[in-house]
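Engineer: This is the structure, below, for whatever I ask next.
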Amino acid sequence: MSEPHPRRAAVTGIGVVAPNGTSTDTFWKSTREGISVLDRVTRAGCAHLPLRVAGEVRDFDPQSAVEERYLVQTDRFTHFAMAAADQALDDARLGRPDTDAAPFSVGVVTAAGSGGGEFGQRELQQLWDKGSRFVGPYQSIAWFYAASTGQISIRYGFKGPCGVIASDEAGGLDALAHAARAVRRGTDVMVAGATEAPLAPYSMVCQLGYEELSTVEDPERAYRPFTASACGFVPAEGGAMLVVEAETSARERGAPVRATLAGHAATFTGASRWTQSREGLAEAVRGALHEAACAPEEIDVVFADALGVPEADRAEALAIADALGTHGRRVPVTAPKTAVGRGYSAAPVLDVAAAVLAMEHGLIPPTPNVFDVCHDLDLVTTRARAAELHTALVLSRGLMGSNSALVLRLGATDAS
């Protein structure tokens, strides 16, 4: 195995806006208790659609989180990103960094699968109902995948390397890997993560083309991966942002190192080719382990992709066994996203946030609404499980065929 990179990428800040909590603390409390918040969709204009259940962020006031001048030119998915970035920077004890002194020392990278659908739909309705003079100037930027990256960098004056991963679900992990590599190349700080807002009518109609989408009306039965009654996934909005910086720099300024992004790898096996995803996901895990210089038996917990499609669930269970060997049948596996839904690119970033918190608290969160596991996995269900956790593996697969794996190591023992 390769040696760890001398300039390790550390997670020093976490910010969360999720269906089960609009702060990191509330998110963790709900996650560790296994509180499911899946419910009937209440967003305007969606009542007639066959997609009945989702994870909505209901306790979020964008006007209190985002200044008016940014609010009017951005979509809901960017509101989530800006609010989560605020939290992450505060958590990292950076607040609003003094970028006047080093404007190119901080960069931003986000992932997005759909962009600003709600904003775009509203402006197009204005176009068709009233004419082009009633379309606002921000239509050209608010829907764009890179909007969150751009607005965060503008808001704070960050002029370091900025980018966007326009991808499927696995793009969330790829964005964190992009940030880690920027840090290893010399950037001081990266703000990285993913947020999504796919619950506007136009966005939901687009999703109805996914065969993997669950249209079950009972919130307790709509999303049950790894069971005989698996019937697909339910979507979610929200997401998380992290502050990633060089571990040595964090320690120099006295910031707690919560975790390190130790290793990552990605593969591609094609849209909805779930049988083939077994090989692709296993190869991504092996690559991540290699980059982290981590033996399979060092993995203490796996945060699963958990698509909720029988063929895909079976492929993931087999991929874990393929990549981790006999340890893969013993290692605890969890999928806390069954409490909130699968937020596309944001889903694995929320899993990373949960994994860091799980390692800090020595507690593996449960997989809500899942009981009758029908695969050879030690899936944590019903209630949280106490465990000594030092290394976590987070998995993600996208509907369009991407596979990604990320290895996390627990930070210093004094991490808060």
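Engineer: Please count how many residues of the range 155-177 are closer than 15 Å to D351 by Cα and open to solvent by 20 Å² or more (accessible area, probe 1.4 Å).
Structural biologist: 1
Engineer: Can you pull out the residues in the range 78-97 that are surrounded by 18 or more Cβ atoms within 10 Å (Cβ to Cβ) and small (G, A, S)?
Structural biologist: Answer for the range 78-97, where residues must be surrounded by 18 or more Cβ atoms within 10 Å (Cβ to Cβ) and small (G, A, S): A81, A83, A84, A85, A88, A92.
Engineer: Being touching a residue at least 40 places away in the same chain (Cβ under 8 Å), of a type outside the set (K, R) and part of a helix (DSSP H, G or I) is the filter here, so list the residues in the range 309-319 that pass it.
Structural biologist: P310, A312, D313, A315, E316, A317, L318, A319
Engineer: Sticking with this one: List, please: which pairs have Cβ atoms under 6 Å, are six or more places apart or on different chains, and start with a residue in the range 236-248 that is open to solvent by 10 Å² or more (accessible area, probe 1.4 Å) and end with one that is of a type outside the set (D, E, K, R) and not in a helix (DSSP H, G or I)?
Structural biologist: Final answer for the pair search is E247/A10; E247/V257.
Engineer: Let me ask something else about it. Taking T227 and the conditions (1) under 23 Å from T381 (Cα atoms); (2) open to solvent by 10 Å² or more (accessible area, probe 1.4 Å); (3) β-branched (V, I, T), which numbered condition does it fall short on, given that it satisfies the others?
Structural biologist: So the condition that T227 fails would be (2).
Engineer: Pairs under 6 Å by beta carbon, first residue among the charged types (D, E, K, R) in the range 281-301, partner in a helix (DSSP H, G or I) and at pLDDT 95 or above, six or more apart or different chains?
Structural biologist: R286/A323
Engineer: From the list A306, A222, A288, A228, exactly one residue is out of contact with any Gly (no Cβ under 6 Å at 6 or more places or on another chain), not hydroxyl-bearing (S, T, Y) and not assigned by TED's automatic domain parsing to the domain that holds D168. Which is it?
Structural biologist: A306
Engineer: Sticking with this one: For A293, state whether it is open to solvent by less than 10 Å² (accessible area, probe 1.4 Å) and touching a strand residue (DSSP E or B) at 6+ places or on another chain (Cβ under 9 Å). Give the steps one after another, and end with the answer.
Structural biologist: Working: open to solvent by less than 10 Å² (accessible area, probe 1.4 Å): no; touching a strand residue (DSSP E or B) at 6+ places or on another chain (Cβ under 9 Å): yes.
When the stated conditions are applied, A293 does not pass them.
Engineer: Could you tell me whether the range 104-124 includes any residue that is assigned to a loop (DSSP other than H, G, I, E, B), at pLDDT 75 or above and under 25 Å from P256 (Cα atoms)?
Structural biologist: yes
Engineer: So which of A306, A284, A323 ends up being under 20 Å from L176 (Cβ atoms), assigned to a loop (DSSP other than H, G, I, E, B) and either open to solvent by less than 30 Å² (accessible area, probe 1.4 Å) or at pLDDT 95 or above (or both)?
Structural biologist: Working: A284 fails: assigned to a loop (DSSP other than H, G, I, E, B); A323 fails: assigned to a loop (DSSP other than H, G, I, E, B).
Checking each option against the conditions leaves just A306.
Engineer: Also, quick follow-up: Out of the residues in the range 253-281 that are in contact with a strand residue (DSSP E or B) (Cβ under 9 Å, 6 or more places away or on another chain) and assigned to a helix (DSSP H, G or I), which is most open to solvent (accessible area, probe 1.4 Å)?
Structural biologist: Only one residue tops the list, namely E279.
Engineer: Taking the residues in the range 359-384 that are free of Cβ contacts under 8 Å to residues at least 60 places away in the same chain and over 12 Å from A304 (Cα atoms) as candidates, determine which candidate is surrounded by the most Cβ atoms within 10 Å (Cβ to Cβ).
Structural biologist: This residue is T381.
Engineer: A follow-up question, please. In the range 326-354, what residues are open to solvent by less than 10 Å² (accessible area, probe 1.4 Å), without any contact (Cβ under 8 Å) to a residue 60 or more places away in the chain and assigned to a helix (DSSP H, G or I)?
Structural biologist: Those that are open to solvent by less than 10 Å² (accessible area, probe 1.4 Å), without any contact (Cβ under 8 Å) to a residue 60 or more places away in the chain and assigned to a helix (DSSP H, G or I): G328, D351.
Engineer: Across the range 178-220, what is the number of residues that are within 30 Å of T248 (Cβ to Cβ) and surrounded by fewer than 24 Cβ atoms within 10 Å (Cβ to Cβ)?
Structural biologist: The qualifying residues number 8.
Engineer: Is there a residue being in contact with an Asp or Glu (Cβ under 9 Å, 6 or more places away or on another chain), closer than 19 Å to A346 by Cβ and either in a loop (DSSP other than H, G, I, E, B) or touching a residue at least 24 places away in the same chain (Cβ under 8 Å) (or both) anywhere in the range 208-222?
Structural biologist: No, because not a single residue in the range 208-222 is in contact with an Asp or Glu (Cβ under 9 Å, 6 or more places away or on another chain), closer than 19 Å to A346 by Cβ and either in a loop (DSSP other than H, G, I, E, B) or touching a residue at least 24 places away in the same chain (Cβ under 8 Å) (or both).
The values are calculated or read from the model by the stated rules, or taken from the named source; none is laboratory data. It should be emphasised that the depicted structure is a prediction, and the values quoted were computed from it without experimental measurement. Here the Cβ is made from the backbone with ideal geometry for all residues, glycine too, and neighbour counts use every protein chain on show. Please note that ligands, DNA and RNA were not included when accessible areas were found on the heavy atoms of the full protein model with its side chains. Shrake-Rupley method; radii C 1.70, N 1.55, O 1.52, S 1.80 Å.
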